[in-house]
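Visitor: Take this structure first; my questions come after.
The values are calculated or read from the model by the stated rules, or taken from the named source; none is laboratory data. All figures in this text were calculated on a predicted structure; none of them were measured in a lab. Counting neighbours? That spans all protein chains shown, and the Cβs are built from the backbone with ideal geometry, glycine included. What goes into the accessible areas is simple: the full protein's heavy atoms, side chains included, and nothing from ligands, DNA or RNA. Shrake-Rupley method; radii C 1.70, N 1.55, O 1.52, S 1.80 Å.
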Amino acid sequence: MLSVLRVHLPSDIPIVGCELSPYVLLRRPDKTVTTDDVPESAPLDGHFLRYKWYRIQSDRKVAVCSVHPSEQATLQCLGCVKAKIPVAKSYHCSPKCFSDAWQHHRVLHDRAASAVNENGNEEEEIFGRFNSTGSGVISASLTGSASSTSLTNGSTPLYPTAVTQRSGGETWFEVGCSKTYTPTTDDIGHVLKFECVVIDAEMKLPVGQPNTLLTSRVIPAPSPSPRRLISVGGADMMGQLDSDGRLSSSGTFTVLSYNILSDSYASSELYSYCPSWALSWPYRRQNLLREIIGYRADIVCLQEVQCDHFDEFFAPELDKHGYQALYKRKTNEVYSGNIHTIDGCATFFRRDRFSHVKKYEVEFNKAAQSLTEVAVQTTQKKVALNRLVKDNVALIVVLEAKFTNQGADNPGKRQLLCVANTHVNVQQELKDVKIWQVHTLLKGLEKIAASADIPMLVCGDFNSVPGSAPHSLLAMGKVDPLHPDLLVDPLAILRPHSKLTHQLPLVNFLTLMNCFKQSLMFLPYHPFNNVLMGF
């Protein structure tokens, strides 16, 4: 008979707007184990699975800290209450929390005061209407049941009126009947309960006891930290933005390059300063999509995109916004895990601005094998392959512009553009491999440029800093023979140093650097994403 062996959630803390998708391990009647769903529409051996989600409301109301959303609030800023600032922003988990946050928190008060002075009652439009219908008095202390504040989300009460079950001092409200559930603002501060039970398809009755799990308290999604945009010289010459944020000049286009941090790398071991809920893919993917779409770029180059995330999320979601997608997965000679979690490079372009002409795929492993065959002694071939084979790839796409900036002297000339998207090896001790990969890519691009006189756009995560040998090669077209990075070359693959050149007229158009990934909690990304253009 069908039975449930285990249920659990990938993330321990649920977040508003982030889908909860429990892991349900089943044993089929033939004793095999699976995670496949068994819905009522397709019962197995006369049985199917039924799911329910409940919100558990304790008799003691709970407010959540505005600074540390996983913590329960113990005090409230009365200044926020008087200024009619949204109630959720007024809560803090401790006096120290309030004190530490004061420099930022006082800005809310200043803005509220300014809004009152300049616009009368318009501060309600700016900060949101504070619900003053609660019968209790707002207290500076929210310990135990001392607070009788009515928590609301706009005009919608936090607590529903229909009671599903009641047990002791808790009331359970059924909020979902599918396997997945997306918490709403009504759930903030409450524990959710997931229930999975085997149902007899004929009798429609449960078989055995339900399997259940309880979540931590639901927290609100934090507001993303603002980006510190870097002003680029000459950017004002590229055209003016129109009303929807697009460049109005017909001969210009915008580009976004972004290492989104693969979920397989987003571990607590690597990012110990980040809470687990902020590393969870359901939380990160909604932030990533919101930001990517928000830039309205004509061309988007993403690195560290997992195979399954490309197929199931990025390609279909960006398709809704008018983008066509192309993808190149990393090779898997080194990686031994699930093939669906191998990451790669994804390039998207607006269908109303470009059309796809041709696609090239660069596998540095194949280039490494060719190199060792002709340039490495037989006794060193195994050592060379172990050093050079790192699974990195590049995706090169030739696009044709559907707009033109050509004059009357070039009627009907095709406007082609070659876009390269890559992710270079990350290991800092392998400086020779990093330089070799960049040089290999550039030599391939030279051949494409020479064949059709196509402008080049080179995007990627080069895992390099300005002044490094890879950066010098990309931006300057050569590397100083005395550059310290060239001292690391055990296989002599960088010699003679005079060969480390290219003829592409690349300009270091934009370098995005955020060394410490301090905004990982909100918008995860890697440092040193680079975009270079050559025309």
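Visitor: Just reorder S264, S41 by solvent-accessible area, largest first, 1.4 Å probe, all chains present.
Guide: So, going from the largest accessible area down, we get S41, S264.
Visitor: So between R296 and L78, what do we pick up on full extension, going 0.36 nm a residue minus the alpha carbon distance? Don't skip to the answer; put the middle values down first.
Guide: Values: separation 218, 0.36 × 218 = 78.48 nm, distance 4.07 nm.
Stretched out fully, the R296 to L78 stretch lengthens by 74.4 nm.
Visitor: Counting only protein heavy atoms and a 1.4 Å probe, tell me what percentage of region 11-51's accessible area is made up of carbon and sulfur.
Guide: Details: 990 of 2050 Å².
Carbon-and-sulfur percentage of accessible area, whole number: 48.
Visitor: Taking R0 as 41 Å, what's the FRET efficiency between F313 and T379 from their Cβ-Cβ distance, rounded to 0.05? Don't jump to the answer; show the numbers that get you there.
Guide: Numbers: r = 47 Å, r/R0 = 1.15.
Efficiency at R0 = 41 Å is approximately 0.30.
Visitor: Let me check I've understood the local charge: for P39, count other residues with C-beta under 13 angstrom from its C-beta, Lys and Arg +1, Asp and Glu -1. What total comes out?
Guide: Numbers: positive: R50, K179; negative: D36, D37, E40.
Value of the local net charge: -1.
Visitor: Going from most exposed to least, what order do M203, M456 have by accessible area with a 1.4 Å probe? Display every interim value, and only then the final one.
Guide: On the way: M203 120, M456 5 Å².
Descending accessible area places them as M203, M456.
Visitor: On to the next question. Can you list which of the trypsin sites (Lys or Arg not before Pro) found in region 25-73 are DSSP loop residues with at most 14 other C-beta atoms within 10 Å?
Guide: Numbers: sites: R27, K31, R50, K52, R55, R60, K61; in loops: K31, R60, K61.
Answer in residue order: K31, R60.
Visitor: Please compare each pair in K381/K443; K52/K193; K328/K431; K328/K382; K330/K478; K447/K478 to a cut-off of 20 Å on the Cα-Cα distance and tell me which ones are over it. If you can, show how the numbers build up before the last one.
Guide: Numbers: K381/K443 23 Å; K52/K193 8 Å; K328/K431 24 Å; K328/K382 27 Å; K330/K478 28 Å; K447/K478 17 Å.
Long pairs (Cα-Cα over 20 Å): K381/K443; K328/K431; K328/K382; K330/K478.
Visitor: Taking H as built 1.01 Å from N, whose amide H comes closer than 5 Å to the amide H of S257, not counting residues under 5 places away?
Guide: Amide H neighbours of S257: C301.
Visitor: With a 1.4 Å probe and all protein chains kept in place, how much accessible area does V67 have, in Å² rounded to the nearest 10?
Guide: V67 has an accessible surface of roughly 60 Å² with all protein chains in place.
Visitor: Something else: Through the Karplus equation 6.51 cos²θ - 1.76 cosθ + 1.60, θ set to phi - 60°, convert the phi angles of region 483-494 into ³J(HN,Hα) values in whole Hz; use x for Gly and Pro.
Guide: 4, x, 4, 6, 6, 8, 7, x, 9, 6, 7, 9
Visitor: Through the Karplus equation 6.51 cos²θ - 1.76 cosθ + 1.60, θ set to phi - 60°, convert the phi angles of region 422-439 into ³J(HN,Hα) values in whole Hz; use x for Gly and Pro.
Guide: Couplings: 9, 9, 7, 3, 8, 5, 5, 6, 9, 4, 5, 5, 4, 5, 4, 5, 4, 4 Hz.
Visitor: Okay, moving on. Pop a pseudo-label 7 angstrom from the Cα along the beta-carbon direction at both W102 and H321 and give the gap in nm to one decimal.
Guide: In this crude label model, W102 to H321 measures out at 4.1 nm.
Visitor: What list of ³J(HN,Hα) couplings, whole Hz, do you get for region 362-378 from phi and the Karplus terms 6.51, -1.76, 1.60, once you set θ to phi - 60° and write x for glycine and proline?
Guide: The phi angles translate into 10, 10, 5, 5, 5, 5, 5, 5, 5, 4, 5, 5, 10, 10, 10, 4, 4 Hz.
Visitor: Let me ask another. Keeping all protein chains in position, work out how much accessible area D311 exposes to a 1.4 Å probe, and write it in Å² to the nearest 10.
Guide: 110 Å²
Visitor: Just how much of K96 is accessible, in Å², when a 1.4 Å probe is used and the result is rounded to the nearest 10?
Guide: 140 Å²
Visitor: Follow-up question, since we're still on this one. Could you tell me the calculated FRET efficiency between E40 and H356, based on Cβ-Cβ distance and R0 = 56 angstrom, to the nearest 0.05?
Guide: Details: r = 43 Å, r/R0 = 0.76.
With a Förster radius of 56 Å, E is 0.85.
Visitor: May I ask you to rank T252, T180 by accessible area, largest first, using a 1.4 Å probe over the protein chains only?
Guide: Working: T252 25, T180 50 Å².
So the residues, ranked largest to smallest area, are T180, T252.
Visitor: Counting only residues 5 or more places away or on other chains, whose amide H sits under 5 Å from the amide H of V376 once H atoms are built in the peptide plane?
Guide: Excluding prolines and chain starts, which carry no amide H, there are no hits.
Visitor: Tell me the per residue accessible area of region 347-396 using a 1.4 Å probe; a whole number in Å² is fine.
Guide: Values: 2580 Å² over 50 residues.
For region 347-396, the per-residue accessible area is 52 Å².
Visitor: Using a Förster distance of 56 Å, how high is the FRET efficiency between L487 and E269, based on the Cβ-Cβ distance and rounded to 0.05?
Guide: On the way: r = 31 Å, r/R0 = 0.56.
With R0 = 56 Å, the Cβ-Cβ based efficiency is 0.95.
Visitor: Here is a follow-up. Would region 19-76 count as rounded, prolate or oblate if I go by the C-alpha gyration tensor, calling it rounded below 1.5 in a/c and otherwise prolate when a/b exceeds b/c, oblate otherwise? If you can, show how the numbers build up before the last one.
Guide: Values: a/c = 4.48, a/b = 3.00, b/c = 1.49.
Because a/c hits 1.5 or more and a/b exceeds b/c, region 19-76 counts as prolate.
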